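Below is one structure, written out as structure tokens; the observations come after it.
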Amino acid sequence: METETKRLYEALFLVDSAEAGADWDGVCENITKVLGRSSAEIVSLRKWDDRPLAYEINKKKRGVYILVYFNAAGESISGIERDVQLSENIMRVLILRADHLSQEDIDKDTPLMLAEKAAEAAKAEAEKVAAEKAEAEVAEGGEEESDEAPDATDQKQQD
């Protein structure tokens, strides 16, 4: 009895963005089933990004890329690729060996995560600037009232 040597692989699945938006759990379940048929052990499954396609695929102009790291035997990769070709939900897949990657590389932020963090930081900065501006306006409003009061008394003295 031979023991199968399972290696680490990196796969980038391309699915229709409308379908992924409507049924994210179903898309993830579909990918998990495809990998499960080949006895692959999923290490990580994350949404990589939602991007316009360079050319139309199945009359679709946008796609969601899903990054999956999994352990599998080398012989099972052709079966995974065949199952993807037969799948109606998955448009394309690219599978590469990833033995050289460390756990830190696998956990690295995806472009989508980086964009979300940048958006959150920009929103926080905008809120901070707005709060500072509001405080400055309140402070200026108090100074203007005190400036107006002496002017009013000066005018009364002139009358």
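The values are calculated or read from the model by the stated rules, or taken from the named source; none is laboratory data. Quick caveat, the model's predicted, so the values are computed rather than measured. Backbone-built Cβ (ideal geometry, glycine too); neighbour counts: all protein chains shown.
Residues in the range 6-16: is at least one free of Cβ contacts under 8 Å to residues at least 24 places away in the same chain and on the phi < 0 side of the Ramachandran plot? Step through it out loud before you land on a result.
Taking the range 6-16 first, the residues free of Cβ contacts under 8 Å to residues at least 24 places away in the same chain are none.
The answer is no, given that none of the residues of the range 6-16 is free of Cβ contacts under 8 Å to residues at least 24 places away in the same chain and on the phi < 0 side of the Ramachandran plot.
Among (1) surrounded by fewer than 16 Cβ atoms within 10 Å (Cβ to Cβ); (2) in a helix (DSSP H, G or I), which single condition is G79 missing?
With respect to (1) surrounded by fewer than 16 Cβ atoms within 10 Å (Cβ to Cβ); (2) in a helix (DSSP H, G or I), G79 is out only on (1).
Out of all the residues in the range 95-126, which are outside any helix (DSSP H, G or I) and under 19 Å from the mean Cα position of the chain (by Cα)?
D107, K108, D109, T110
Out of (1) modelled with pLDDT under 85; (2) surrounded by 10 or more Cβ atoms within 10 Å (Cβ to Cβ); (3) part of a helix (DSSP H, G or I); (4) in the same structural domain as Y55 (by TED's automatic domain parsing), what's the single condition that is false for A134?
(4)
Find the residue count for the range 30-39, including only residues that are among the aliphatic types (A, V, I, L, M) and under 11 Å from A72 (Cα atoms). I'd like the intermediate steps shown before the answer.
Keep residues of the range 30-39 that are among the aliphatic types (A, V, I, L, M), which gives 31, 34-35.
Narrowing the set further to residues that are under 11 Å from A72 (Cα atoms) leaves 35.
Qualifying residue count, the range 30-39: 1.
Looking at the range 46-61, is at least one residue of a type in the set (F, W, Y) and over 21 Å from L8 (Cβ atoms)?
yes
Do we have I42 as within 23 Å of G74 (Cβ to Cβ), β-branched (V, I, T) and part of a helix (DSSP H, G or I) here? Quick ask: steps written out before the conclusion?
Numbers: within 23 Å of G74 (Cβ to Cβ): yes; β-branched (V, I, T): yes; part of a helix (DSSP H, G or I): no.
Spelling it out, it is not the case that I42 is within 23 Å of G74 (Cβ to Cβ), β-branched (V, I, T) and part of a helix (DSSP H, G or I).
Checking V27 against (1) in a strand (DSSP E or B); (2) under 24 Å from A115 (Cβ atoms), only one condition comes out false. Which one?
Against the list (1) in a strand (DSSP E or B); (2) under 24 Å from A115 (Cβ atoms), V27 comes up short only on (1).
Quick check on my filter: what residues within the range 36-56 are surrounded by 14 or more Cβ atoms within 10 Å (Cβ to Cβ) and under 22 Å from the mean Cα position of the chain (by Cα)?
Listed by number, the residues that qualify are I42, V43, L45, R46, K47, W48, D49, D50, R51, L53.
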